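In what follows, a single structure is set out as structure tokens and then discussed.
The values are calculated or read from the model by the stated rules, or taken from the named source; none is laboratory data. Quick caveat: nothing in here was measured; it's all calculated off a predicted structure. Methodologically, a virtual Cβ is constructed for each residue, glycine included, from the backbone with ideal geometry; neighbour enumeration extends over all protein chains shown.
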Amino acid sequence: MPRGIVGDELVVNGSKIWTSSAHLADWQELLVRTDPAAPKHKGISWVICDMQTPGIELRPILIMTAPGHHHFNQVFYTDVRIPLSNVVGEVNDGWNVAMSTLGFERGTAGMLENIRYGAVVERLVDMARQRLGASALENDDIGQRLAQLRAEVTAVRAMTYRIASRAAIAPPGSEASLARAFFSQLQQRIRRIALDIIGPDSIELPEDDPWIRPYLRTYSNTIAAGTSEIQRNIIGERVLGLPR
Amino acid sequence: MNLLPTEEQQQIVDMVRGFLAASAPLERLRPDKFGQIGNPDAALWPKMAELGILGLGVPEDGGGLGLSAVEEALTYIEFGRALVSVGVLGATLGAHLAARTMPDIAAAIMAGTSAVGLATPRGAVAGDDGIFSSEFHLIEANEADFILLLSSDAIALFRREEFSRQSERLSMDSHMRLMRATLENGKPLSWSSVKDGIDHARANLLIAAYATGVAEAALAGAVDYAKVREQFGKPIGSFQAIKHKCADMAIAAEVASCQVAFASVTLSKNSDESRFHALASRIVAVDSALKNGATGIQVHGAIGFTAEVEAHLFVKRAHLIDFIGGDQRVQKGQFIGADAVI
Ligand SMILES: Cc1cc2nc3c(=O)[nH]c(=O)nc-3n(C[C@H](O)[C@H](O)[C@H](O)COP(=O)(O)OP(=O)(O)OC[C@H]3O[C@@H](n4cnc5c(N)ncnc54)[C@H](O)[C@@H]3O)c2cc1C
């Protein structure tokens, strides 16, 4: 089977797992090996691929949030031909392109989520005030934890401002992992406290459920776009300069 | 909103950092340099006064340099990094309060000739219409002419004589002087309530900035050590168990420093949001200082448990500043009772 550059086309054979929303997408970003002889980060190209191209097949993957939920896919490629003009950056320089898009995914792309999570915390505060009473909340363990979460989600917004301030000077680099690692775990703590406020009814999964599915979804936050452990490796080695 | 220091702000940071590196290196707190009990920094105040540091944020017509809360917060991060005696907080906040109505007292504080100790409540404070009664801890008060009282409801400047039954205590953070004392219907020279004005927000912001410096210094000490200490033929920083602890410390320090920067901007603009953001900064930054102080000891192993390196100092100073004006439990209770600013 031919692979790599053939004339003015890239011929792709193989498979890729965990592609989010491939079943909904018109296009996808694809990192493909174009120089099999080069060492691991070299010889990769970043190309944009039309999902309608012949030879692309999907296997849906169900996820843990609720029965039947479909989020990502395994994608199979059989002799998929993509015009070379779809390569972004230089051929064989895809790693650098991917690192700059990932920098944005880990850094600035989270901005909207940060703001949204501020509102989530306020909904939790309202719910806790209703259930426990506003003055009881001030002395309750749930109130203490909510105060901490409220302060932390406020700080995340400040972290985003700092990332934006840095991005005005240079594209986001390894420091983006500081905010990313913090925010992904903070989201888990925020969603987790909902169950403590709701109490026993949180084992139900109602049709219009606003809390349980989002809670379960946060388990992916410390995995996708680089796990928390990988983020900590990056912080340790590239931000703090610790040895490998 | 730009959350990086401007060039002029960076120059101030460098000036303060250079001064502290020369006059107050962390090694001064080692037992063979100073001993373990007392305040090693009393001699710093006049020198800091000369550089204008004690009246940095006081308006020019009040005799200060007229810089903003942003510059004040940046210098307090440096004070935290160097573990400067927390008496400095008494001077800064006392100068702010005095400058409005008592220019002579403000001038003496900013000149470093009158020291200001801190009073922090040991229980509930009775204080209506500016008359205060309670039991307090006095911090760095031995040579002070004035005492700055900080509770979660009020900030007030007293003459030291107003406090009765002053008796010395040894402190967990032994690099300072601690007393117990009582106020019975004490009348302050000047005061303001948490509800009116920005004094309380400034107090929380500066405590947060100091805590950020503590968190950063604990991180720096742990990372430096993890690069040089070798076990099993490798630097310990190459083990993920240690590397990830250091990464968590870096995250904690970044969280604190970003929220301090944000809160300092809102305070410099006299924004209504500044009280909320200053309190948020205090909560995250004190948390970071406590966590980094503790983790820093673990990263050092047994040497971290000794008085011969700095690691143990950070967690003790973090506990001390936590209690100034009400600990995390009190602050969080107040914070969750307030309306959010989103
Ligand atoms: C919701 C979701 C959406 C996703 N969407 C996409 C997508 O659109 N496109 C795409 O390409 N990918 C996507 N991914 C995949 C994601 O990038 C990977 O899951 C992630 O990088 C982790 O790889 P892995 O699952 O193989 O875990 P593994 O690498 O097998 O990790 C397993 C465990 O070992 C730890 N570990 C692994 N290596 C190290 C190390 N060096 N040091 C310390 N610990 C280590 C991990 O942290 C983890 O805890 C998605 C994942 C999720 C959950």
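Quick notes
- Evaluating B:Leu4 against the criteria (1) exposed (fewer than 15 other Cβ atoms within 10 Å of the Cβ); (2) more than 14 Å from every other protein chain (Cβ to nearest Cβ) leaves one unmet condition, (2).
- With respect to (1) in contact with an Asp or Glu (Cβ under 9 Å, 6 or more places away or on another chain); (2) basic (Lys, Arg); (3) more than 16 Å from the ligand (Cβ to nearest atom), the lone exception for A:Arg192 is condition (1).
- Within segment B:307-342, the residues that satisfy the criterion of being assigned to a loop (DSSP other than H, G, I, E, B) and not acidic (Asp, Glu) are B:Ala307, B:Val309, B:Ile324, B:Gly325, B:Gly326, B:Ala338, B:Ala340, B:Val341, B:Ile342.
- Test: A:Met127 is within 23 Å of A:Leu186 (Cα to Cα) and not assigned by TED's automatic domain parsing to the domain that holds A:Ile212: no
- Count - residues of segment A:5-21 that are near the ligand (Cβ under 8 Å from one of its atoms) and not in a strand (DSSP E or B): 1
- Of B:Ala318, B:Ala302, all but one fail to be more than 14 Å from every other protein chain (Cβ to nearest Cβ) and out of contact with any helix residue (DSSP H, G or I) (no Cβ under 8 Å at 6 or more places or on another chain); the exception is B:Ala302.
- Residues (of a type in the set (Asp, Glu) and under 12 Å from A:Ala155 (Cβ atoms)) located in segment B:228-283: B:Glu254
- Pairs with Cβ under 6 Å, 6+ apart, first in segment A:71-96 and on the phi > 0 side of the Ramachandran plot, second within 16 Å of the ligand (Cβ to nearest atom) and not polar (S, T, N, Q): A:Gly89/A:Trp46; A:Gly89/A:Val97
- Given (1) modelled with pLDDT of 95 or more; (2) within 11 Å of the ligand (Cβ to nearest atom), index of the condition A:Gly241 fails: (2)
Matching residues to (1) farther than 15 Å from B:Leu29 by Cβ; (2) touching a Leu at 6+ places or on another chain (Cβ under 6 Å); (3) small (Gly, Ala, Ser):
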site	(1), (2), (3)
B:Gly304	no, no, yes
B:Val309	no, no, no
B:Asp322	yes, no, no
B:Asp327	yes, no, no
B:Lys332	yes, no, no
B:Asp339	yes, no, no
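- Screening A:Ala147 with (1) buried (at least 19 other Cβ atoms within 10 Å of the Cβ); (2) more than 8 Å from every other protein chain (Cβ to nearest Cβ) gives one miss only, at (2).
- A:Met111, sole failed condition from (1) farther than 19 Å from A:Ser15 by Cα; (2) touching an Asp or Glu at 6+ places or on another chain (Cβ under 9 Å); (3) in a helix (DSSP H, G or I): (2)
- Unique residue being touching a Lys or Arg at 6+ places or on another chain (Cβ under 6 Å) and in a helix (DSSP H, G or I) when the list is A:Thr154, A:Thr160, A:Thr218: A:Thr218
- Pick from segment A:221-231, criterion part of a helix (DSSP H, G or I) and near the ligand (Cβ under 8 Å from one of its atoms), ranking: surrounded by the most Cβ atoms within 10 Å (Cβ to Cβ): A:Ser228
- Of all residues making up segment A:157-205, the number that are touching a Phe, Trp or Tyr at 6+ places or on another chain (Cβ under 9 Å), hydrophobic (A, V, I, L, M, F, W, C) and modelled with pLDDT under 90: 2
- Extreme residue, surrounded by the most Cβ atoms within 10 Å (Cβ to Cβ), among residues of segment B:263-280 that are assigned to a loop (DSSP other than H, G, I, E, B) and away from chain A (no Cβ under 12 Å): B:Ser271
- Test for A:Ala128: is it within 23 Å of the chain's Cα centre (by Cα), more than 13 Å from B:Cys258 (Cα to Cα) and of a type in the set (A, V, I, L, M): no
- Filtered by the rule that a residue be in contact (Cβ under 8 Å) with a residue 40 or more places away in the chain and surrounded by 15 or more Cβ atoms within 10 Å (Cβ to Cβ), segment B:163-181 gives B:Phe163, B:Ser171, B:Asp173, B:Ser174, B:His175, B:Met176, B:Arg177, B:Leu178, B:Met179, B:Arg180, B:Ala181.
- Complete set of residues in segment A:22-73 that are away from the ligand (no atom under 15 Å from the Cβ), of a type in the set (Asp, Glu) and modelled with pLDDT under 95: A:Asp35
- Subset of segment A:164-184 [assigned to a helix (DSSP H, G or I) and more than 9 Å from every other protein chain (Cβ to nearest Cβ)]: A:Ala167, A:Ala176, A:Arg180, A:Phe183, A:Ser184
- Of all residues in segment B:103-130, those that are over 17 Å from B:Trp191 (Cα atoms) have Cβ atoms under 7 Å from Cβ atoms of residues that are in a strand (DSSP E or B) and of a type outside the set (Phe, Trp, Tyr), 6 or more apart or on another chain, in B:Arg122/B:Glu135; B:Arg122/B:His137; B:Gly123/B:Ser134; B:Gly123/B:Glu135; B:Ala124/B:Ser134.
- Just one residue in the set B:Ile297, B:Ile251 is in contact with a helix residue (DSSP H, G or I) (Cβ under 9 Å, 6 or more places away or on another chain), modelled with pLDDT of 95 or more, part of a helix (DSSP H, G or I) and within 8 Å of chain A (Cβ to nearest Cβ); that residue is B:Ile251.
- Scoring A:Ser177 on the criteria (1) more than 14 Å from the chain's Cα centre (by Cα); (2) within 16 Å of the ligand (Cβ to nearest atom); (3) under 24 Å from A:Tyr161 (Cα atoms) leaves a single failure, condition (1).
- Residue pairs whose Cβ atoms lie under 6 Å apart, sitting 6 or more positions apart in sequence or on different chains, and linking a residue in segment A:11-24 that is more than 14 Å from every other protein chain (Cβ to nearest Cβ) and more than 15 Å from A:Thr78 (Cα to Cα) to a partner that is assigned to a strand (DSSP E or B) and within 7 Å of the ligand (Cβ to nearest atom), are A:Trp18/A:Phe72; A:Thr19/A:Phe72; A:Ser20/A:Phe72.
- Checking A:Ile190, A:Ile235 one by one, the residue that is within 11 Å of chain B (Cβ to nearest Cβ), part of a helix (DSSP H, G or I) and within 20 Å of the chain's Cα centre (by Cα) is A:Ile235 and no other.
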